[in-house]
Every structure is written in C-alpha cells, then in structure tokens.
Amino acid sequence: MTRSPSARTAAAVFDLDGTLLDTMTLAPTAYADTIHALGGPDVSPSGIVASWHIGPKPAVLAHFLGRSASVEDIECFYRHFEAAAAAARPFPGVVEMVNALGRASYRLGIFTSATRRAATLMLSAVGLDQYFPTVICGDEITDPKPAPEGLWRACQYLGVSVAATTYVGDAEVDLQCAEAAGTVAVHAR
C-alpha cells in the first residue's frame, strides 16, 4: 500500500491480468499461435513479451509478420485468444474476496490495459463478469497507464470519489496510476 486511505474506502477498482486473473501467458501464446498461423516466423511467447513495448495488436503483429496487420489478421488473433481464454483462471481467493467486498457494499470496478473485447472474453470465461458493473479498457481511453484517465473514469462511473477508492494492481505502472489518480494503491503480489 502506498498511502493510508484519507476517507472510508467505498470502492475497489482492480487491474485484470496478473491481479484478478492468472492470464499472463494467454496473450503471448495467442500472439505466437497467430503469427505462426499467418505464415510468420516461429516466435515464442517470451519473444512476444519482450516486444510488448511495440504497441497495440496491429503493431505487434506487423512487427513479426513484416507487413501491416489486416482486419483479418486481428480476427485471427482473437480466434486464438478466445481459445486461450478458456484456460484463464482467477487467482486463488479472488472469487471469495469479490463476494465479500460485494456483501460489504463496496462498489467494484476494473481498469485494465486489455481491450474491451479481450477483457469481456476473459471475464466471461471465468464467470467474474457479473461482479463488475464498471470495466474500463485500454482501447477506451486516450492516455494509457500510468496516466490516471481510466481510473478517474472508473470512479466516475462507480459514483465515488478517487479519495474513497482503492486501486489494486500487480505492476509498477498500476501503482503509479493509482498515485497519479489520487487513490490508495495496493500492490497485488
């Protein structure tokens, strides 16, 4: 935790990948399978992770394919991702925690760098979609984490102040986002 709450916490907003769900191998595997299916080079999931900095899906695919990524290429990725999402699992204790927070009347939300389509696939696959009325995704905001835009939007949709919100994430960028937004930051390890 980076600072003590200054007001009673009324809401908990979570990162998705690596925080609520054990999904860290799903997207890299889907990318590697997609690149292979599209005739690109053999690349390992770890090779994909080493290239995250390249940018969004079209940029990553174009990098490995050596050409611009088409709409059909993106659809191919999502077919592979959907198959991989079936293996997604919540981390131990997540379902119980979310139930307990709901019973205690906390408002629950998600702010993730994942696209809306990917987040919806994963949340539906594990049955957590019903717990989170507010989900803000990376393709719905202008400035990615650590910028606070998505977290501010989640608080707005939840009807709570940032001071009454805790943001839980697994990465340094999540903690930086929480601090920039003015929420309490909790590091999920």
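Once divided by 2.2 N^0.38 Å, the Cα radius of gyration of region 39-82 becomes 1.08. For region 121-174, a crude dipole built from +1 on the beta carbon of Lys and Arg and -1 on the beta carbon of Asp and Glu, taken about the Cα centre, is about 200 debye to the nearest 20. A 1.4 Å probe over all protein chains sorts R79, R107, R116 by accessible area into R79, R107, R116, starting with the largest. Largest accessible area first, the residues T112, T120, T9 order themselves as T120, T9, T112 under a 1.4 Å probe with ligands, DNA and RNA left out.
Taking all protein chains together and a 1.4 Å probe, the residues D73, D143 rank D143, D73 from largest to smallest accessible area.
All distinct Cα pairs of the chain go into the 1/r average, and the inverse of that average, the Kirkwood radius, is 17.1 Å.
So how do 148-159, 49-60 stack up, highest first, on mean other-Cβ count within 10 Å?
148-159, 49-60
To the nearest 10, the accessible area of F14 is 10 Å² with a 1.4 Å probe.
The values are calculated or read from the model by the stated rules, or taken from the named source; none is laboratory data. Keep in mind that this is a model prediction, so the values were computed, not measured. Here Cβ is always computed from backbone atoms with ideal geometry, including for glycine, and neighbour counts include all displayed protein chains. These area figures cover heavy atoms from the full protein model, side chains too; ligands, DNA and RNA do not enter into them. Shrake-Rupley method; radii C 1.70, N 1.55, O 1.52, S 1.80 Å.
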